[in-house]
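Heads up, the thing below is written out as structure tokens.
The values are calculated or read from the model by the stated rules, or taken from the named source; none is laboratory data. Keep in mind it's a predicted model, so treat the numbers as computed, not measured. All Cβ positions, even for glycine, are placed from backbone atoms using ideal geometry, and neighbour counts span all protein chains on display. Just the protein is used for accessible areas: all its heavy atoms, side chains included, with ligands, DNA and RNA removed. Shrake-Rupley method; radii C 1.70, N 1.55, O 1.52, S 1.80 Å.
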Amino acid sequence: MCVVTVSSVGQTKTLCKGYLACANVAFCFWIHGVLKTKLPKVGTTIFTTMSALAQQTGALNLSQGFPDFEAPQALREALGRHAMAGNNQYAPMAGLLRLREAVASSVLLHRGVAVDPETEISIVPGATEGIFCCVQALVRPGDEVIMFDPAYDSYEPAVDLAGGRAIRLPLPAPEFQIDWDRFEQALSNKTRLVMINSPHNPCGTNLEPEALQRLAEFAERYDFYVCSDEVYEHLVFDGSHRSVLQVPGLRERSFAHFSFGKTFSVTGWKTGYCIAPADLTAELRKVHQYVAFVAVTPVQHALADFMEAEPNYAFQLADEYRHRRDVFLNALKGSRFTWTPSQGSFFQLLDYSAITDEPDTILCQRWTKEYGVASIPLTPFYETPPKSSYLRFCFAKTDSVLQEAAKRLCAI
Ligand SMILES: Cc1ncc(COP(=O)(O)O)c(C=O)c1O
């Protein structure tokens, strides 16, 4: 059955074959079969659903991963200043050089690694775009991409759109660590890319240095690339973050993705960066220039100002967020939940198996309405969900909100 779609200003009509409504303004049309979506598995994300429910019901929103407190005043003022000073036109495609230089200094300071701001750092409109461009740059039709469940929701659609095949390996609860035997079995000559995330959303786990070492050995043996999502790099509560940039064997074949949004509490600014060797960066930029082309100019200036003035800012974040995690967990003592304290990220998983065996997707909605605390279920992060009894809570919130949320959860 053929359908003709007519679009005119403010008006769209879908008609049967052969009929074309007269539109008295310029219109365009195209003929197609019943639209077959390229992303059949994608619907409204659970983050949108739960944040909307939190808003409707007035619940405390510990679902979506964003801070409920303000970014540093100097950073916000810098944005206003640059917008008013006329820094409002396109930035260079790879990002403002002064911001890339500030990033290079920060990587040297925090990770002890020298990266070239000209050829190895790209400023992108959010880590999500950087990850998308990295996947499009590398993955060819038929290639396989290994990722670990629970996985951040943007990974698989990016692979699908590139014509690749996502192979999703579970991180078994409650440790949520990579099963290396299973990983090795999944590797083949079709493996093009492995996607990792540390600190991990939603589990709050970190990849140990030995795990990265092991990955490097496999990467060399099987010749795959690595997409490393490190957006929570500064939020590690025990020990320190280890980046793929620091691991010989991974450094040469990895794209490392970071988010200014998470580090500087400006998730709504949607600005991040990707670091990769020059040849890989050149490929990433080929895609980036046709996806977004640039990130927002005054935001880049503001971030550069702030990073130049406060080079040590990120050092305090681990303590600050450990405090938030502990406020939440201390106030939950006496509840019927159980947990392993989050090692990193904005997130804490709580196990509710001692309370009920209801499915997590139903339970989180019911508890949002009945107890006024919104969370995120774990099963949407899986391809084949196991029987899960975990909910994810975001503790990037003020102490009073965390205490009140915990008080309500203690009443369950
Ligand atoms: C694991 C992970 N990666 C990437 C992102 C997206 O970062 P950005 O907002 O910079 O696109 C998020 C945001 O929640 C995340 O949790």
Among the numbered criteria (1) aromatic (Phe, Trp, Tyr); (2) open to solvent by less than 20 Å² (accessible area, probe 1.4 Å); (3) touching a strand residue (DSSP E or B) at 6+ places or on another chain (Cβ under 9 Å), which single criterion is violated by residue 222? (2)
For segment 290-319, how many residues are open to solvent by 60 Å² or more (accessible area, probe 1.4 Å) and in a helix (DSSP H, G or I)? 7
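Test residue 166 against the criterion of being assigned to a strand (DSSP E or B) and farther than 22 Å from residue 251 by Cα, and give yes or no.
yes
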Give the residues of segment 48-70 that are of a type in the set (A, V, I, L, M, F, W, C) and either in contact with a strand residue (DSSP E or B) (Cβ under 7 Å, 6 or more places away or on another chain) or crowded, with 20+ Cβ neighbours inside 10 Å (or both), sorted by residue number. 50, 53, 54, 59, 60, 62
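Matching residues to (1) under 15 Å from residue 194 (Cβ atoms); (2) more than 12 Å from the chain's Cα centre (by Cα); (3) assigned by TED's automatic domain parsing to the domain that holds residue 150; (4) surrounded by fewer than 24 Cβ atoms within 10 Å (Cβ to Cβ):
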{"residue": "229", "(1), (2), (3), (4)": "yes, no, yes, no"}
{"residue": "232", "(1), (2), (3), (4)": "no, no, yes, no"}
{"residue": "239", "(1), (2), (3), (4)": "no, yes, yes, yes"}
{"residue": "248", "(1), (2), (3), (4)": "no, yes, yes, yes"}
{"residue": "252", "(1), (2), (3), (4)": "yes, yes, yes, yes"}
{"residue": "256", "(1), (2), (3), (4)": "yes, yes, yes, no"}
{"residue": "263", "(1), (2), (3), (4)": "no, yes, yes, yes"}
{"residue": "268", "(1), (2), (3), (4)": "no, yes, yes, yes"}
For residue 156, all conditions in the list (1) crowded, with 19+ Cβ neighbours inside 10 Å; (2) more than 16 Å from the ligand (Cβ to nearest atom) hold save one; what is the number of the exception? (2)
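Restrict the check to segment 272-283 and report whether at least one residue is over 16 Å from residue 100 (Cα atoms) and touching a strand residue (DSSP E or B) at 6+ places or on another chain (Cβ under 8 Å).
We begin by selecting, within segment 272-283, every residue over 16 Å from residue 100 (Cα atoms); these are 279-280, 283.
Then keep just the ones that are touching a strand residue (DSSP E or B) at 6+ places or on another chain (Cβ under 8 Å); that gives 280.
Checking segment 272-283: at least one residue is over 16 Å from residue 100 (Cα atoms) and touching a strand residue (DSSP E or B) at 6+ places or on another chain (Cβ under 8 Å).
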Extreme residue, surrounded by the fewest Cβ atoms within 10 Å (Cβ to Cβ), among residues of segment 374-412 that are among the acidic types (Asp, Glu) and more than 22 Å from residue 172 (Cβ to Cβ): 399
Look through segment 126-140, keep the residues that are within 13 Å of the ligand (Cβ to nearest atom) and open to solvent by 30 Å² or more (accessible area, probe 1.4 Å), and return whichever of them is farthest from residue 227 (Cα to Cα). 128
Going through segment 135-194 one residue at a time, which ones are more than 23 Å from residue 206 (Cα to Cα) and of a type in the set (Lys, Arg)? 140, 165, 190, 192
